[in-house]
Amino acid sequence: MTLSEKAEEILEALWIAIVEDGDNAAHLTTLAVAADDEALQELDRLAYVEVKGERVYLRQEGRADARMAVRRHRLAERLMMDILDLKGITGDERACEFEHLLRLGVDTKLCTLLNHPTTCPHGKPIPPGECCEAARARGETGVVALTELKAGECGEIAYLSTTDSKKMQKLMSMGVLPGNNLRLSRTYPTFIFKVGNSEFAVDDELAREIFVRKI
Amino acid sequence: MSSSTTHHEVRKIVLVGNPNVGKSVLFNALTGAYTTVSNYPGTSVEVSRGHCDIGGHRCEVLDTPGMYALLPITEEERVARKILLEEDPFVVVHVLDGRNIERMLPMTLQLIEAGLPVMLVVNILDEAERIGMSIDVTLLQEKLGIPVIGAAMARKRGLSEIRAAIDGFDSDHRARFGYSSDLERDILKVALLMHGEYLLDRRALALLLLQKDEEIQERVRMRESGETGAIDKAVNEIVFERRVDLHLRISLERKRICKGLLDGVVTQREGEGPTLAERLSAWTMNPWTGFPLLLVVLYFGLFKFVGGFGAGTIVDLLEGSLFEEIINPWVIGLADRFLTWSWLHELMVGEYGIFTLGVRYAVAIVLPIVGTFFIAFSVIEDTGYFPRLAMLVDRIFKKIGLNGRAVIPMVLGFGCDTMATIVTRTLETVRERVIATVLLALAIPCSAQLGVILGLLSEVPGALVVWSLSLSLVFLVIGFLAARLVPGERAMFYMEIPPLRLPQVRNVLVKTLTRMQWYFLEIFPLFIIASVLLWAGKLTGALDWLVKAMTPAMYALGLPADVAPAFIFGFFRRDFGAAGLYDLQTSGLLNPVQLTVAAVTLTLFVPCVAQFLVMQKERGWKVSIGIFVFVTLLAFSSGWVLNQLLLLTGVLS
C-alpha cells in the first residue's frame with residue numbers, strides 16, 4: 001500500500017512538529033490542510049493520525065511511515081545539493097517532487113551512494129534507515145571528504161570531486177591521485193597531509209574536494 | 001627536431017623539473033654562475049641563462065622555473081614550458097627529487113613523449129638514503145631507455161657524471177611509451193590531422209589539445225595556418241566521449257607506467273621515529289607553538305639582527321665614524337680646493353650633493369640595513385620556514401583577499417618592495433596580484449625605510465607602537481576592503497611543504513650577495529639621479545616651488561614645511577625620505593607627534609620610483625597609476641586622521 005503524495009507530506013510536517021519541535025500535535029493550519037482533506041482522511045483511515053477538533057495527532061501506527069517520509073525528503077535534498085548541484089529554492093522544489101520516487105529500496109540505494117548522510121543541507125537530522133544501521137554495525141566508513149578525517153588518520157584517495165579541471169590537474173600533479181595513500185597530520189589552520197615522502201598544505205575548500213577511504 | 005647537434009654551434013641544455021628539486025643548484029654547479037637557490041617552491045620566476053664548456057663544446061644552460069607537469073597552470077609554469085616549445089635544446093635535463101621519484105617520474109614520461117631529448121637526474125639522494133630509500137639508478141636507466149644519473153647536488157655528488165652524460169648524449173636516441181590502446185587510438189586520431197611543422201612530437205601535442213590547453217590550441221592554429229576545423233571537431237568529440245575522467249585517466253595511465261618502471265628500482269627500509277627536524281616542523285605548523293616561534297624569528301631575525309645590528313651598529317660605524325669623521329671632511333676639503341665653481345661644489349658636496357647625500361645614504365645607511373635583511377631572509381628561506389608560515393597565516397590572509405602563498409612577496413617586501421612586486425608573479429590569480437601590489441605599495445615598509453624608521457622612532461617612547469598599530473590597521477582595513485571590492489576569482493591555497501633543512505653558509509652568502517648586488521645596481525644610480533635632480537631643483541628654484549606647493553598639505557598634517565623635501569625625496573627612494581626625516585629629527589625640528597605622523601604618512605606614501613616602474617611593467621599603466629593616486633590620497637588622509645587623533649587624545653605629547 002502506498003500513501004498519496006499529499007499524505008506523505010502531512011506525515012512529514014507532523015513528524016517535524018511533534019518529534020523535532022516537541023509539540024504534542026499539529027494544528028490544521030500548520031499542516032495547511034482542511035479537516036475534510038482527502039489525504040488527511042486517508043491517514044485517518046489507516047489509523048496513522050487522529051484528528052481532534054483543530055489539532056492532528058500522530059499515532060504510534062503512523063510513526064514509522066512518517067519517519068521514512070522525512071528521511072526520503074532529506075535524502076532527496078542531499079541528492080539535489082551534493083550530486084546535482086541544485087541549491088536554494090530550485091533544489092528544494094525539485095527535492096519535494098523527487099522524494100516521492102524514493103520508494104521500494106531506491107532510498108536505500110541513494111543513501112548508500114551518499115554514504116549515509118546524517119543531516120540534510122539545512123542541518124536537520126536525517127533519520128537513519130536500516131542501511132545506515134547495518135553500515136554502522138559493520139563499521140564501514142565509506143568514502144569521506146578529507147575534512148572528515150582526524151589528524152593522524154590515514155586514507156586511500158578515492159576520487160577528486162572538483163569541477164575545476166585546473167585544480168584537478170594541480171592536485172594530481174602533486175601526487176593526489178586515486179589509489180595513493182595519504183596521512184593527515186593537521187587539520188588546523190590548514191590541512192597538512194603526506195603523500196609518499198612529500199608534505200602538502202591545502203585549505204578547507206580544497207580538502208573538501210579530496211575524497212578518501214579511511215584505512 | 002632531430003639532428004639538432006649539427007645545427008648547434010652552442011648546445012642548449014635546459015633544466016626542468018618540479019619546484020624545489022635542486023635545478024638552480026645544478027645550474028650553478030654547471031655554469032659557476034649564480035641564481036638564487038632556496039628551500040622554497042617557486043623561487044626562480046625568470047629563466048636564468050649561463051654558459052659552460054662540456055667536452056670541448058660550448059653550452060648554454062637554461063634554468064627554468066619549476067613546473068609540475070607539461071600542462072601549465074601558473075605563470076612560472078607557462079614560462080618554463082615556453083622554453084620547451086620555442087628553444088631547440090640539445091638535451092633537456094629533468095631534475096627530480098629522489099624521495100618523491102614516484103610522484104615526479106610521470107613528468108619524465110611527458111617529456112619523453114613530447115619527443116624531447118631527455119636525460120634524468122635523480123637528485124637529493126642523500127636525503128632519500130637518510131629516510132631509508134635506495135634507488136637503483138642503473139636499473140632505472142635500463143628500463144627508461146634514457147640516461148639516468150643519481151646525484152646529491154647540494155653535496156656536489158654526481159656532478160662529473162652529469163657532465164659526462166651530457167657530453168656523451170645521443171640526441172637521436174629516443175625512448176617511447178604507450179598508453180592503453182583506446183587512449184592511444186584517440187591520440188592518434190588527433191595527431192594524424194596535424195600537418196604543420198612542430199618542434200614537439202605530435203602525439204604529445206594531441207594529448208595537450210585533448211586537455212584543452214589554450215596556448216597549444218593557439219600554436220596549432222598558427223602552424224596549421226588557421227585550418228583547424230577537422231582537428232577541433234575530432235578533439236571536441238573525444239573530449240565529450242571522455243568527459244567523465246579524461247584528466248584522471250591520463251594521470252592514472254602515467255602512474256601505472258611509472259609503477260612498472262619503479263618496480264625493483266626503489267626499495268624502502270622501514271624508517272625510525274620522527275627526527276628532530278620533523279618534530280620542529282610540526283611545532284612550526286601548530287598555531288599554539290607556531291606563532292610564538294614566529295615572534296622569536298621576527299624578534300631575532302628582524303628586530304635584533306636587522307634593526308639592532310644592521311641599522312644600529314653598522315650604520316653608526318659607517319655613517320657616524322667613517323663618513324662623518326673621516327671621508328666627508330676629506331672629500332669636502334678636496335672639493336674646497338679643486339672645485340672652485342660653486343655650482344659644481346654644490347653638486348658634489350653640497351646639501352644635496354652627489355657625494356654627501358647620494359653616496360653617503362646609499363653606502364652608509366641603506367646598504368648595511370638591506371644587507372643584513374637579505375642575510376636574515378636567506379637564512380630563514382633556506383631552512384624552509386616560509387611555506388610553514390604560509391600555511392599558518394593562510395586563514396588571516398584569506399580575509400584580506402590573498403592566501404598563504406602571498407606570504408613570500410609580503411615578507412620580501414620588508415626587504416625591498418620593488419623585488420617583492422616582481423615576485424607577486426608567483427600568485428595565481430590576477431586579483432591576488434593586484435591586491436598584493438597595492439598592499440606592498442602602501443603598507444609594507446622596505447628594510448631601508450624600516451631600519452631608518454626603527455632607529456628614528458625608538459628614541460620617542462610609544463611612537464613605534466603608534467606607528468606599527470597605524471600601519472597594521474591600514475594594511476588590514478585596505479586588505480579587507482580590497483578583498484570585497486577587487487573583482488576576480490578567489491584562489492585556493494595549496495603548497496608543498498619542503499623538509500626543514502639547515503641552511504648552508506656558502507649558499508646563504510652567495511644568495512645574499514646576489515640580492516645585494518641586484519639591489520645596489522638598481523638603487524645606486526637612482527640615488528645619484530635623485531641628488532642631481534634635487535640639486536638642479538634647488539638651483540633653479542623648482543624645489544622651493546614644490547616645497548611651497550606641498551606646504552599646505554604639510555600644515556594640514558601638523559608638520560613643519562621642512563618635512564616637504566623628505567616627501568619629495570621619498571619618491572626617489574622610500575628610504576631616502578625616511579633618511580631625510582632622520583636628519584630633521586637629529587636637528588630637533590620635530591616633536592614626537594609630528595615625527596610619528598610624518599613617519600606613518602611617509603611609510604604609506606607613494607612607493608619609490610623603482611617600485612612604480614616595476615608596478616607599471618607588471619600591472620600596466622591603468623592599474624599602476626590608479627594605485628599611485630590611491631596610495632597618495634590614502635597616505636595623506638591617514639596622516640591627517642592620525643594627527644587629529646593624537647592631538648585629541650594627547651598620546652605622545
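The values are calculated or read from the model by the stated rules, or taken from the named source; none is laboratory data. Everything numeric in this text was worked out from a predicted model, so none of it was measured. We place every Cβ from the backbone using ideal geometry, glycine too, and count neighbours over all the protein chains shown. All accessible areas refer to the heavy atoms of the entire protein, side chains included, with ligands and DNA or RNA removed. Shrake-Rupley method; radii C 1.70, N 1.55, O 1.52, S 1.80 Å.
Screening B:Ala564, B:Ala610, B:Ala599 for residues that are buried (at least 18 other Cβ atoms within 10 Å of the Cβ) and free of Cβ contacts under 8 Å to residues at least 24 places away in the same chain leaves exactly one candidate, B:Ala564. Any chance the stretch B:414-426 includes a residue that's within 28 Å of B:Val614 (Cβ to Cβ), of a type in the set (Asp, Glu) and either within 14 Å of another protein chain (Cβ to nearest Cβ) or surrounded by fewer than 23 Cβ atoms within 10 Å (Cβ to Cβ) (or both)? Scanning the stretch B:414-426 turns up no residue that is within 28 Å of B:Val614 (Cβ to Cβ), of a type in the set (Asp, Glu) and either within 14 Å of another protein chain (Cβ to nearest Cβ) or surrounded by fewer than 23 Cβ atoms within 10 Å (Cβ to Cβ) (or both).
Please verify whether B:Leu543 is part of a helix (DSSP H, G or I), modelled with pLDDT under 85 and open to solvent by 30 Å² or more (accessible area, probe 1.4 Å), treating the condition exactly as stated. Explain how you work it out, then say what you get.
Values: part of a helix (DSSP H, G or I): yes; modelled with pLDDT under 85: yes; open to solvent by 30 Å² or more (accessible area, probe 1.4 Å): no.
When the stated conditions are applied, B:Leu543 does not pass them.
Search the stretch B:444-463 for residues being not charged (D, E, K, R) and not in a helix (DSSP H, G or I), and hand back the single one that is surrounded by the most Cβ atoms within 10 Å (Cβ to Cβ). Result: B:Cys446. Summed over the stretch B:78-101, residues that are within 14 Å of chain A (Cβ to nearest Cβ) and in a helix (DSSP H, G or I) total 7.
Scanning the stretch B:445-472 for residues that are in contact with a helix residue (DSSP H, G or I) (Cβ under 7 Å, 6 or more places away or on another chain) and modelled with pLDDT of 90 or more gives B:Val466, B:Trp467, B:Ser470, B:Leu471. Considering the stretch B:464-477, the residues that are buried (at least 22 other Cβ atoms within 10 Å of the Cβ) and of a type outside the set (Ser, Thr, Tyr) include one that is nearest to B:Phe636 (Cα to Cα), namely B:Trp467.
Residues in the stretch B:489-537 that are in a helix (DSSP H, G or I), open to solvent by 60 Å² or more (accessible area, probe 1.4 Å) and among the basic types (Lys, Arg): B:Arg506 only. Scanning the stretch B:126-149 for residues that are open to solvent by 10 Å² or more (accessible area, probe 1.4 Å) and within 13 Å of another protein chain (Cβ to nearest Cβ) yields a total of 6.
Based on this model, can you work out whether B:Val306 counts as modelled with pLDDT of 90 or more and either farther than 27 Å from B:Pro19 by Cα or within 14 Å of chain A (Cβ to nearest Cβ) (or both)? Here the answer is no, as B:Val306 does not meet what is asked. Only one entry of B:Arg223, B:Arg256 meets the criterion of being open to solvent by 60 Å² or more (accessible area, probe 1.4 Å), within 14 Å of chain A (Cβ to nearest Cβ) and charged (D, E, K, R), and that entry is B:Arg256. If the condition is being hydrophobic (A, V, I, L, M, F, W, C) and farther than 21 Å from B:Cys446 by Cα, then the stretch B:606-653 contributes B:Trp621, B:Val623, B:Trp640, B:Val641, B:Leu642, B:Leu645, B:Leu646, B:Leu647, B:Leu648, B:Val651, B:Leu652. Applying the criterion of being of a type in the set (Gly, Ala, Ser) and closer than 28 Å to B:Val244 by Cβ to the residues of the stretch A:160-189, the residue that is farthest from the other protein chains (Cβ to nearest Cβ) is A:Ser161.
Of all the residues in the stretch B:391-400, those that are within 14 Å of chain A (Cβ to nearest Cβ) and either in contact with a helix residue (DSSP H, G or I) (Cβ under 7 Å, 6 or more places away or on another chain) or under 26 Å from B:Leu367 (Cα atoms) (or both) number 6.
Considering (1) within 32 Å of the chain's Cα centre (by Cα); (2) open to solvent by less than 80 Å² (accessible area, probe 1.4 Å), the lone condition that B:Leu276 does not fulfil carries the number (2).
Yes/no matrix, rows are residues, columns are (1) crowded, with 17+ Cβ neighbours inside 10 Å; (2) modelled with pLDDT of 85 or more; (3) within 13 Å of chain A (Cβ to nearest Cβ):
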position	(1), (2), (3)
B:Lys189	no, yes, no
B:Glu214	no, yes, yes
B:Gly229	no, yes, no
B:Asp232	no, yes, no
B:Val239	no, yes, yes
B:Leu246	yes, no, yes
B:Leu262	yes, yes, yes
B:Thr267	no, yes, no
B:Met285	yes, yes, yes
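Evaluate the stretch A:39-53: report whether one residue or more is within 29 Å of the chain's Cα centre (by Cα), assigned by TED's automatic domain parsing to the domain that holds A:Leu14 and among the basic types (Lys, Arg). The answer is no, given that none of the residues of the stretch A:39-53 is within 29 Å of the chain's Cα centre (by Cα), assigned by TED's automatic domain parsing to the domain that holds A:Leu14 and among the basic types (Lys, Arg). Of the helices (runs of 4 or more DSSP H) entirely within the stretch B:241-323, those holding at least 1 residues that are within 30 Å of B:Ala69 (Cβ to Cβ), in contact (Cβ under 8 Å) with a residue 12 or more places away in the chain and not assigned by TED's automatic domain parsing to the domain that holds B:Leu105 occupy B:246-262, B:276-285. Candidates B:Asn591, B:Asn643: the one that is surrounded by fewer than 17 Cβ atoms within 10 Å (Cβ to Cβ) and more than 26 Å from B:Arg433 (Cβ to Cβ) is B:Asn591. In the stretch A:132-172, the qualifying residues are those that are open to solvent by 20 Å² or more (accessible area, probe 1.4 Å) and polar (S, T, N, Q), and the one that is farthest from B:Leu210 (Cα to Cα) is A:Thr141. With respect to B:Ala441, is the statement that it is closer than 18 Å to B:Ser638 by Cβ, assigned to a helix (DSSP H, G or I) and either open to solvent by less than 40 Å² (accessible area, probe 1.4 Å) or among the hydroxyl-bearing types (Ser, Thr, Tyr) (or both) true? Yes: the conditions hold for B:Ala441. The requirement of being surrounded by fewer than 22 Cβ atoms within 10 Å (Cβ to Cβ), of a type outside the set (Asp, Glu) and modelled with pLDDT of 85 or more is satisfied by B:Val331. When restricted to residues that are open to solvent by less than 10 Å² (accessible area, probe 1.4 Å) and not polar (S, T, N, Q), the stretch B:84-111 contains 17.
So, in the stretch A:190-212, of the ones that are free of Cβ contacts under 8 Å to residues at least 12 places away in the same chain and within 25 Å of B:Ala277 (Cβ to Cβ), which residue ends up farthest from the other protein chains (Cβ to nearest Cβ)? Per the stated criteria, the residue is A:Ile192. Residue by residue through the stretch B:613-626, note down the ones that are open to solvent by 10 Å² or more (accessible area, probe 1.4 Å) and either hydroxyl-bearing (Ser, Thr, Tyr) or part of a helix (DSSP H, G or I) (or both). Across the stretch B:613-626, the qualifying residues are B:Leu613, B:Val614, B:Gln616, B:Lys617, B:Glu618, B:Arg619, B:Trp621, B:Lys622, B:Val623, B:Ile625, B:Gly626.
One line per residue, one yes/no per condition, for (1) of a type in the set (A, V, I, L, M); (2) closer than 27 Å to B:Ala311 by Cα:
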{"site": "B:Leu450", "(1), (2)": "yes, yes"}
{"site": "B:Ser468", "(1), (2)": "no, yes"}
{"site": "B:Leu481", "(1), (2)": "yes, no"}
{"site": "B:Pro487", "(1), (2)": "no, no"}
{"site": "B:Gln504", "(1), (2)": "no, yes"}
{"site": "B:Pro525", "(1), (2)": "no, yes"}
{"site": "B:Leu534", "(1), (2)": "yes, yes"}
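From the list B:Pro387, B:Pro368, the lone residue that is crowded, with 22+ Cβ neighbours inside 10 Å and either among the hydrophobic types (A, V, I, L, M, F, W, C) or touching a Gly at 6+ places or on another chain (Cβ under 6 Å) (or both) is B:Pro368.
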